[in-house]
Structures are given as structure tokens and as C-alpha cells.
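Notes for the one structure printed next.
The values are calculated or read from the model by the stated rules, or taken from the named source; none is laboratory data. The structure displayed is predicted, hence computed values, not measured ones. FYI the Cβ positions are ideal-geometry reconstructions off the backbone, even for glycines, and counts take in every protein chain you see.
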Amino acid sequence: MTIIGLGLMGRALADSLLTAGHQITVWNRTAAKAEDLLAQGALLADSVNSAVSASPVTITCVTDDQSLRQALAPVHDELDGRLLVNLTSGDSAQARAMARWAEQRGAHYLDGAIMAVPPAIGTPEAVILLSGSTTAFETHQSILDGLGTATFLGEDHGLAALYDVAGLSMMWGVLNAWLQGVALLGTAGVDASTYTPFAVQMAEGTVGWLAGYADQVDSGAYPADDATLATHAGAMAHLIQESERLGVNAELPKLFKALADRAITAGQAEESYPALVEQFTQASRAS
Ligand SMILES: NC(=O)c1ccc[n+]([C@@H]2O[C@H](COP(=O)([O-])OP(=O)(O)OC[C@H]3O[C@@H](n4cnc5c(N)ncnc54)[C@H](OP(=O)(O)O)[C@@H]3O)[C@@H](O)[C@H]2O)c1
């Protein structure tokens, strides 16, 4: 196994593989960062080409796509018949372009996204999303499982990057909604710790609706068995009014209402909440 990129994450990956008993070869632009790993038995390649040639599988983890392109620029035939697993963060277009780059060199390619911090690597908490060659994933799954919970998403190389940003959108959606509530309750002297058990209850209840709503999105039919978009829009107006009267930021509630209003104008007032998906599947409009 070869690791290219020995920053905070690359060193964690390398350390985890060494701890699991694998022989590894490493390469980093700044060779000094390999010192601790060499003391643990890793081998240092004197060039990126010899690093790739040393192993059937190369894992890359550098800053971004541009750094990756620069690091791998000298590599050509060395990748032929080998597997490249790229765990550098990037977008889906970069992943698909990198897959073409690897295929032109005869390599199998898996693109990945690490949903964890370096100290979690090697534990089940470190979810590592992967997409690309099914055969390559199945052949090397035991090694990838050693880095964390290796989760294969499908043959489209862009999927790991897309799940990565979708997951971040979910995270910021919940965090921003929680902060809106913290600000509202704060005006009544309720501190965040007191409010938060109720916020968690609301978030968990909402998450429970998602599987049923996903069926509506997938079928394209939005029967309002619970509440109509018109009812939601009325409650959103109340949230905006309350925020403004209390001197709390109302930008997030106004965004919610703008999206709902557009769907209502488009004739969806009596449909259920996930009918709003059509506001998300279109490119942004000028506000
Ligand atoms: N750290 C995290 O918590 C975390 C979590 C999830 C995902 N990730 C992802 O993991 C990747 C690495 O993150 P990190 O935390 O390890 O970053 P880092 O500590 O800043 O390390 C960056 C690495 O990229 C190398 N590099 C940068 N530009 C290069 C170039 N032009 N040519 C060759 N090598 C170059 C650096 O080499 P030098 O040592 O020579 O500078 C170093 O090995 C990123 O894509 C990041 O988004 C990180």
C-alpha cells in the first residue's frame, strides 16, 4: 500500500495502516513529515513515481484537486493495472475528471470522501464514502475497512463527493435552524442548554418524516396527509413576524417563506411539504 500526502489526514491514514500490520510506502512533497512513520516501519519513496510503482494500491490525500494534479503530474505508466484511491476532498466533476485521468493511465479508480477527523481514522466512527469501480472496492474492501467504515455508493465516480456535500447541507440546515431557536428563546432569558432538549425532540420528530416524504419525491405525487404548503407558509409568516418583533435575524425564515411562496404561486398550495423539491432542483434565481 502506498500513501501520497502526509498532512494531518494522510499521516492518520498511514498510521492506521501500519497499526493494522500493513507494509506501506509513503511519499510527501515535504519529506520531513514522514519521519514518525519511518520510525514505525514505513518506507519512504524518493519520487512520486517510485511511490506508485511500489504497491498495487495507492491512496492519495492532499489539500485539493489542484494539489493532487500537481503531485501526480509526473505519473504515467506506473499506474497501469494498479488501483488509485483518492481521498482528497473535491467536487463531483473533479472526481469524474480524475477517474478519466486514471483510466487513461490504465488504472482502476475509487474516489472517496472522509467524513471524520484524523483522530477517528481506524475506528468505526470514521465513515469513508467511496464510489467508482465495484470490483476494485470488493477486492480491497478489507484494507479500506481498516481505515474506518468504508461505505461504497456505486459506480458513478461523482457519488462520494455528492453525498459529502449533501451531508454537509443536512448538518448546516439543522445547525442554523437550532441557532434561530436559540436566538428566539434567548430574548426570553432561556439559555441554549435549557432550550436544546426541545430542539432535539423537534429535530428527531422531523427526521422521522423523511422516509415517507422521500417516497413522495420519488413518485412525484405530494398528497397532503399531514399539512398543506399553504398551512406551512402561514406558520412561516408567524416565525418571520416573531423574529422581527424581537429583533432577531429573520433572514433564514424569509428564505423558507420565499421558497414556499414560489411553490404556492406555481399552484402547489394544497400539496405537502416535499413538493418544494421543485424549488431545489432548479438553479438559483436572482433575488
Ligand atoms: N483534517 C481533517 O479533519 C479532514 C477531514 C475530512 C477530510 N479531509 C480532507 O483530507 C485532505 C487532506 O487534509 P489534511 O487535513 O491532511 O490537510 P493538511 O494537513 O493541510 O495536508 C495537506 C497535504 O497536501 C499536500 N500538498 C498540498 N499541496 C500540494 C502540492 N501542490 N503538491 C504535493 N502535495 C501537496 C501537503 O504536502 P506538504 O506537507 O508538502 O505541504 C500535505 O501532505 C483534504 O482534501 C481535506 O479536505 C481532512
Check: For residues in region 63-98 being more than 11 Å from the ligand (Cβ to nearest atom) and assigned to a strand (DSSP E or B), which is nearest to Ala126 (Cα to Cα)?
Finding: Val85
Item checked: Candidates Asp156, Asp77, Asp191 - the one that is over 17 Å from Leu13 (Cβ atoms), at pLDDT below 95 and not small (Gly, Ala, Ser) -> Asp77
Item checked: From Ala275, Ala237, Ala263, Ala258, residue being over 22 Å from Gly208 (Cα atoms), buried (at least 18 other Cβ atoms within 10 Å of the Cβ) and either touching a His at 6+ places or on another chain (Cβ under 8 Å) or assigned by TED's automatic domain parsing to the domain that holds Leu210 (or both) -> Ala263
Check: Which of the helices (runs of 4 or more DSSP H) contained wholly in region 193-287 include at least 1 residues that are of a type in the set (Val, Ile, Thr)?
Finding: 210-219, 229-246, 277-280
Check: If Gly7 passes every condition in (1) more than 13 Å from the ligand (Cβ to nearest atom); (2) within 23 Å of Gln94 (Cα to Cα); (3) surrounded by fewer than 22 Cβ atoms within 10 Å (Cβ to Cβ); (4) in contact (Cβ under 8 Å) with a residue 40 or more places away in the chain but one, which one does it miss?
Finding: (1)
Next item on the list: Mind counting the residues in region 105-137 that are acidic (Asp, Glu) and assigned to a strand (DSSP E or B)?
Entry: 1
Note to self: Restricting to region 240-252, name every residue that is among the small types (Gly, Ala, Ser) and either in contact with a Pro (Cβ under 9 Å, 6 or more places away or on another chain) or outside the structural domain of Asn176 (by TED's automatic domain parsing) (or both).
What the structure shows: Ser243
Next item on the list: Of the numbered conditions (1) assigned to a loop (DSSP other than H, G, I, E, B); (2) in contact with a Pro (Cβ under 9 Å, 6 or more places away or on another chain), His140 fails exactly one; give the number of that condition.
Entry: (1)
